[in-house]
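Down below is the structure, laid out as structure tokens.
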Amino acid sequence: MGEFVRDRLPDPRSYYTDTAGLRLMGAQRAKWVTTRCGFHGGSDSMRINTETGAFVCMAGCGAKGGDVLAYHMAAYGLGFVEAAKALGAYQDDGKDHRGGTRPHRIAAHVLLSVVAHELTVASIIVSNAANGAPVNANDLERLTKAAGRILYVSAVANAK
């Protein structure tokens, strides 16, 4: 088990640029900035609050959340504890986690859209490799991310 420590979450602006690899468009001190939506591939449809870390896709793909932890969970297909650990905001005490692991509800059309997009990404990488193109570290990282998102959608779809 362990304890979530919100104060240890990374600064939203740093998280989105350094960890998530997004380019934030807007004034340097703006509260809300624009960036691409990594969930559906929109070039400038996501708005991010640089103070709280909240995010929302304005194109209607359904991507939204209240902080960088929510983004990290959705983007990498992680549960709460795994994402909090990855971001350094979880103090592990060595005991098993007994909390709920049930994902929150997401509309079926959004889930299917995510799966379709991630399967397209995976098939392109695999097809390129099958045709002799070298698979680099970025391809492997993106393939892993696609697999994680597909597994996350599977968990959400199978939640009772």
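If Arg36 satisfies every condition in (1) under 20 Å from Glu141 (Cα atoms); (2) touching a residue at least 40 places away in the same chain (Cβ under 8 Å) but one, which is the exception?
Against the list (1) under 20 Å from Glu141 (Cα atoms); (2) touching a residue at least 40 places away in the same chain (Cβ under 8 Å), Arg36 comes up short only on (2).
If a residue has to be open to solvent by less than 50 Å² (accessible area, probe 1.4 Å) and in contact with a strand residue (DSSP E or B) (Cβ under 6 Å, 6 or more places away or on another chain) to count, how many in the stretch 34-49 make the cut?
7
Out of all the residues in the stretch 23-38, is one or more under 25 Å from Arg149 (Cα atoms), modelled with pLDDT under 90, touching a helix residue (DSSP H, G or I) at 6+ places or on another chain (Cβ under 8 Å) and not acidic (Asp, Glu)?
yes
Of everything in the stretch 15-33, what is without any contact (Cβ under 8 Å) to a residue 24 or more places away in the chain and either within 15 Å of the chain's Cα centre (by Cα) or surrounded by 18 or more Cβ atoms within 10 Å (Cβ to Cβ) (or both)? Give them in sequence order.
Passing the criteria: Thr17, Asp18, Gly21, Val33.
In contact with a Leu (Cβ under 9 Å, 6 or more places away or on another chain), at pLDDT 85 or above, open to solvent by 70 Å² or more (accessible area, probe 1.4 Å) and not aromatic (Phe, Trp, Tyr) - does that describe any residue in the stretch 125-141?
yes
Quick one: Tyr152 ticks every box in (1) surrounded by fewer than 13 Cβ atoms within 10 Å (Cβ to Cβ); (2) modelled with pLDDT under 85; (3) under 30 Å from Glu3 (Cβ atoms) except a single one, so which number is it?
Condition (1) is where Tyr152 drops out.
From the list Gly66, Gly53, Gly62, which residue is closer than 16 Å to Ser113 by Cβ and either in contact with a Phe, Trp or Tyr (Cβ under 9 Å, 6 or more places away or on another chain) or open to solvent by 20 Å² or more (accessible area, probe 1.4 Å) (or both)?
Just a single option satisfies the conditions, and that option is Gly62.
Please determine whether any residue of the stretch 80-98 is at pLDDT 85 or above and under 11 Å from the mean Cα position of the chain (by Cα).
So far as the stretch 80-98 goes, yes, one or more of its residues are at pLDDT 85 or above and under 11 Å from the mean Cα position of the chain (by Cα).
The values are calculated or read from the model by the stated rules, or taken from the named source; none is laboratory data. Worth saying up front: this structure is predicted, and the values here are computed from it rather than measured. Here the Cβ is made from the backbone with ideal geometry for all residues, glycine too, and neighbour counts use every protein chain on show. Calculation scope for accessible area: heavy atoms of the full protein, side chains included, ligands and nucleic acids excluded. Shrake-Rupley method; radii C 1.70, N 1.55, O 1.52, S 1.80 Å.
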